[in-house]
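Written out below as structure tokens is the structure these notes cover.
Values in this text are rule-based calculations from the coordinates and carry no lab data. Source: prediction; values computed, not measured. When we count neighbours, we look across all protein chains shown, and the Cβ atoms used for this are built from the backbone with ideal geometry, even at glycine.
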Amino acid sequence: MKIVLASKNPHKLKEISKITEQFGIELVLQSQLGIDLDVEETGSTFEENSYIKAKAVMEASGLPALADDSGIAVDALNGEPGIYSARYGFDDTLDDWGRLLLLLRNMEQVPDDRRQGKFVCVITLVTPDGGCIQARGEVHGTILRQPVGSSGFGYDPIFYYPPLSCSFAQLPPEEKNRVSHRAQALKLFHSKLLEAGYANK
């Protein structure tokens, strides 16, 4: 099954493809089909924004489209950055590293016992026949005081995962693809695809 990934992020394509290829799904980045959309994420939840992106790319390509909306939510910051993780600070001069450092600055006064947070991922598939399949995955951990590790991307270097006693950026890709929020969402997503008759076992 060929599906368009509603994203311009090659990191997401690489990470998601490593998991979906096991399901008999071929993912292509929207840019590979000549689609250059900047979809405005007007939703108030990961679910809404994931659907908005998938629907827009499905309509532009005429193919089933898959969108991933994900982010980090910190308890002590009332769930921030949450759905604004990729736009945290709303400063166009900030890159991923700049947003990570901004989050750390905003948490400087948060004590160690209150630094809980979670990564959230919602996967949505929208098909030309009007179908919609959605799945959510979460993984819980704590926010470190400084970045550790060189793998992964985004907020991975400051997300400490207790079951493996390391940050997400210290995990080999294959291990991260086993335990991450995206992996959890995609596992549930695959079971829903099977129920709908869209995927291989």
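How far apart, in nm, are two points set 7 Å out from the Cα along the Cα-to-Cβ line at VAL28 and at GLU48?
About 3.3 nm, to one decimal.
Does anyone have the angle between helix 46-61 and the longest principal axis of the chain? Alpha-carbon axes, 0 to 90°, nearest 10?
Approximately 40 degrees, to the nearest ten.
When only DSSP loop residues count, what chymotrypsin sites (Phe, Trp or Tyr not before Pro) in the range 16-100 have their Cβ near at most 11 other Cβ atoms within 10 Å?
Those that pass, being in a loop and sparsely packed, are PHE90.
Computed from the coordinates I sent, percent of Cα pairs over 31 Å apart equals one of (i) 9; (ii) 25; (iii) 17. Tell me the label.
(iii)
Would you list ARG182, ARG99 from fewest to most Cβ contacts within 10 Å?
Values: ARG182 25, ARG99 21.
Neighbour counts put them in this order, fewest first: ARG99, ARG182.
Could you list SER151, SER167 so that the one with the fewest beta carbons within 10 Å of its beta carbon is first and the one with the most is last? If you can, show how the numbers build up before the last one.
Working: SER151 15, SER167 23.
Ascending number of Cβ neighbours within 10 Å: SER151, SER167.
For the chain, modelled as a GNM with alpha-carbon contacts under 10 angstrom, which of ALA67, ALA76, ALA86 fluctuates the most?
Maximum among the listed residues: ALA76.
Among bridges DSSP assigns within the range 1-118, what percent are antiparallel (round to 5)? Could the numbers behind the result be given before it?
Values: 3 of 9 bridges.
Bridges in the range 1-118 that DSSP calls antiparallel: roughly 35 percent.
Can you compute the helix-only [θ] at 222 nm over the chain? Use -39500 (n - 2.57) per DSSP H run of at least 4 residues, normalise by all residues, nearest 500 deg cm²/dmol.
So the calculated ellipticity at 222 nm is -9500 deg cm²/dmol.
How big is the antiparallel share of DSSP beta bridges in the range 2-196, given as a percent to the nearest 5? Provide the component values of the computation, followed by the final result.
Working: 26 of 32 bridges.
Beta bridges within the range 2-196, antiparallel portion: roughly 80 percent.
Give the separation of the Cα centroids, the range 167-198 to the range 106-147, in Å.
So the separation of the two Cα centres works out to 13 Å.
Let me know the longest stretch in the chain that avoids all GluC sites (Glu not before Pro) found in a DSSP loop with at most 11 other C-beta atoms within 10 Å.
On the way: sites that count: GLU40, GLU108.
The longest uninterrupted stretch comes out as 109-201.
Can you work out the base-10 log of I(q)/I(0) for the range 101-198 at q = 0.11, 0.24 1/Å, using the Debye formula on its C-alpha atoms alone?
Debye intensities relative to I(0), on a log10 scale: -0.41, -1.18.
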